[in-house]
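Enquirer: Structure in structure tokens, see below.
The values are calculated or read from the model by the stated rules, or taken from the named source; none is laboratory data. For clarity, every value in this text was computed on a predicted model and none was experimentally measured. Cβ sites come from the backbone with ideal geometry, for glycine too, and all protein chains shown count toward neighbours.
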Amino acid sequence: MDTFEDRILEAVELLQRAGSITAFTGAGISTESGISDFRSKGGVWDRYRIVTYQEFIASHDARVEYWKMKRELFTEIKGAGPNEAHHALAELEKMGKLKCLVTQNIDGLHQDAGSSSVIELHGTNRKAVCLSCGKFWPIEEIQERLEAGEVAPECTECRGFIKPATVSFGQSMPEQEMKKAYECAVRCDLLIMIGSSLQVEPAASIPREAHRTGARLIYINRTETPTDHLAEVLFRENAGEVMSALIRGLKSKSAD
Ligand code: ZN
């Protein structure tokens, strides 16, 4: 692998030439914000059994267990803010370079950093939804109800089950978001992938689709992915460090 500086130069060149950039992000971009990858050891999902969507619908005990996990997760991520990598992507959008931001994350940190129109493939943890009537609440309201002793909150309108507005195991990916994400993949001429091990289909196919339709790829991920060979520039370094260096490089080039 070339030196860090060489790869930064190469990537800045790609960024500069690109007319339309799509970013695709996964859990790895948020670990530097103190949000642990749910797959990692010691993470909330390592300590709790995964409750599938079907179990959630079918059993009160499963809903109680699910909300217990979520309550602990909310406490854990409370106060977590966007890091340099989130901010860099928001900056790329302001520069008119980044047209699409597709994320597998449910933490809302891209929006906190100032990115607009984020495509959230797995929904969001920032809101809760009634599975019967579709009413939404800010997650803080539901968190307060949990703190006040409720164990499996029900809808105040129709008594339906309330669930965070995320895509759970056993639930299919939202069609509209997937469609938009594919459009972004096809339309872009450069895709930056940050912090996904690209193990989960169909999400993993988005960088592949971008490559197939002629886009160049930059990968920033600590571990190997199945499509590393497609990436023109590959970084194993921290996403925050890499993205800040790229923005600095891009700015100094445009100042020339
Ligand atoms: Zn309802």
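Enquirer: Could you list, in sequence order, all residues of segment 108-138 that are within 16 Å of the ligand (Cβ to nearest atom) and not basic (K, R)?
Expert: A128, V129, C130, L131, S132, C133, G134, F136, W137, P138
Enquirer: Let me ask you something else. Condition test on R49, is it more than 20 Å from the chain's Cα centre (by Cα), part of a loop (DSSP other than H, G, I, E, B) and either at pLDDT below 90 or not assigned by TED's automatic domain parsing to the domain that holds D107 (or both)?
Expert: In short, yes.
Enquirer: On to the next question. Is there a residue being part of a loop (DSSP other than H, G, I, E, B), surrounded by 15 or more Cβ atoms within 10 Å (Cβ to Cβ) and at pLDDT below 95 anywhere in segment 64-74?
Expert: No, there is no match, as no residue in segment 64-74 is part of a loop (DSSP other than H, G, I, E, B), surrounded by 15 or more Cβ atoms within 10 Å (Cβ to Cβ) and at pLDDT below 95.
Enquirer: Which of the following residues is surrounded by 14 or more Cβ atoms within 10 Å (Cβ to Cβ) and of a type in the set (D, E): E157, E144, E209?
Expert: E209
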